[in-house]
Amino acid sequence: MKTIEIKNSNEKISVGKIVCVGRNYAAHAKELGNEVPEFPIIFMKPASTLIFSGDKIIHPDHSNDMHHEVELVLLIGNTLKNADNTIAEEAIAGYAVGLDMTLRDIQNECKAKGYPWELAKSFDTCAVVSDFVLKDHSNFTGNESISLSVNGMVKQRSTLNHMIFSPVEIVKYISNKITLHKGDLIYTGTPEGVGKVNRGDKITAEIFGLGSLENEVI
C-alpha cells in the first residue's frame, strides 16, 4: 500500500483511490482539439501507479509519445458523500504538485475507436506527487503559479485561477458521484503546454508556495 508524507510532520497517510480531472484548463482543452467541458471529466488511476519526487518515471515500450502534465493535487482528509461547498472545502486536507503522465498515442488511438483510454493514463509510475503541505499550514489562495520544465526548459506555466472548476467545485462534484475517503488524492487538471518526453529527460515541476518535484524518465 502506498503512503504519502506530510511536510514538517511525521504523519504518513495511506493512499486510497486517485481521481483525476481532465480538460480543466480551457487552453489545454483547445490545444488538444477538445471542447471545453461543462462539468468535470473524471478518470482514475490505481494507487499502485503512484511514485514520488526523485523516483524514476518508466517510459513504457508500447508507447512512442509519452507526455508530461503538471497538476495541483488535493488530499482528502475525511469521508464525504453528496457534499456542499462548505463540506467540500473542509474535506481538503492538503495540497501537492503532481504529474499525470500520459501516453498520448495510446489515448488518441483509443479515442478514435471509441474505447476507454485508461491504458493511456494508468500505467506503472504514471502518477507522480510531491510531499503534501497541510491546508492549515499553507497560504493557499488559488492564484499560485504552476510550472513544469524539461531539461531546464520551461514547457508549462500558468496560474491556478485559470482552472475551469475550482478545487472545491471538483471535490463537491466527485462526492456527488463517488464517496471520497481519507487518503484519496484528486489530480485537478493540467494547463496548456503539454508535450513529449523521452528517456533521459529530467522533469521539474513546482506550484509556488506548495511544493516541487524532480524526476527522470528512463
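The values are calculated or read from the model by the stated rules, or taken from the named source; none is laboratory data. From a predicted model like this one, the values you see are computed outputs, not experimental measurements. With ideal geometry, Cβ positions are generated from the backbone for all residues, glycine too; neighbour counts draw on all protein chains shown.
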Taking the stated definitions as given, is residue 136 free of Cβ contacts under 8 Å to residues at least 24 places away in the same chain and either in contact with a Lys or Arg (Cβ under 8 Å, 6 or more places away or on another chain) or not in a loop (DSSP other than H, G, I, E, B) (or both)? yes
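Kindly evaluate residue 71 against the criterion of being of a type outside the set (Ser, Thr, Tyr) and within 23 Å of residue 202 (Cα to Cα). First the steps, then the outcome.
On the way: of a type outside the set (Ser, Thr, Tyr): yes; within 23 Å of residue 202 (Cα to Cα): yes.
Yes: the conditions hold for residue 71.
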Regarding residue 84, is this residue acidic (Asp, Glu) and without any contact (Cβ under 8 Å) to a residue 40 or more places away in the chain? no
Conditions (1) in contact with a strand residue (DSSP E or B) (Cβ under 7 Å, 6 or more places away or on another chain); (2) outside any loop (DSSP other than H, G, I, E, B); (3) buried (at least 18 other Cβ atoms within 10 Å of the Cβ); number of the one not met by residue 106: (1)
Has region 69-86 got at least one residue that is assigned to a strand (DSSP E or B), farther than 28 Å from residue 208 by Cα and modelled with pLDDT of 95 or more? yes
Output for region 129-144, where each listed residue is β-branched (Val, Ile, Thr) and loosely packed, with under 12 Cβ neighbours inside 10 Å: 141
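Anything in region 187-217 that is of a type in the set (Phe, Trp, Tyr) and surrounded by fewer than 19 Cβ atoms within 10 Å (Cβ to Cβ)? List them, or say none. Reasoning before the result, please.
First pass over region 187-217, keeping only residues of a type in the set (Phe, Trp, Tyr): 187, 208.
Residue satisfying the conditions is 208 alone.
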In region 22-41, is there at least one residue being at pLDDT 95 or above, under 15 Å from the mean Cα position of the chain (by Cα) and either within 28 Å of residue 198 (Cα to Cα) or not in a loop (DSSP other than H, G, I, E, B) (or both)? no
Scan of region 59-101 for residues that are in contact with a helix residue (DSSP H, G or I) (Cβ under 6 Å, 6 or more places away or on another chain) and hydroxyl-bearing (Ser, Thr, Tyr), ordered by number: 63
List pairs: first in region 24-43 and farther than 16 Å from residue 108 by Cα, second among the acidic types (Asp, Glu) and surrounded by 15 or more Cβ atoms within 10 Å (Cβ to Cβ), Cβ under 8 Å, 6+ apart or cross-chain? 25/192; 27/192; 40/169
Pairs with Cβ under 8 Å, 6+ apart, first in region 170-199 and closer than 28 Å to residue 216 by Cβ and of a type in the set (A, V, I, L, M), second part of a helix (DSSP H, G or I) and modelled with pLDDT under 95: 194/28; 194/31
Starting from region 1-17, take each residue that is in contact (Cβ under 8 Å) with a residue 40 or more places away in the chain and part of a strand (DSSP E or B) and list its partners that are surrounded by 15 or more Cβ atoms within 10 Å (Cβ to Cβ) and basic (Lys, Arg), counting only C-beta distances under 9 angstrom and pairs at least six apart or across chains. 13/182; 14/2; 14/182
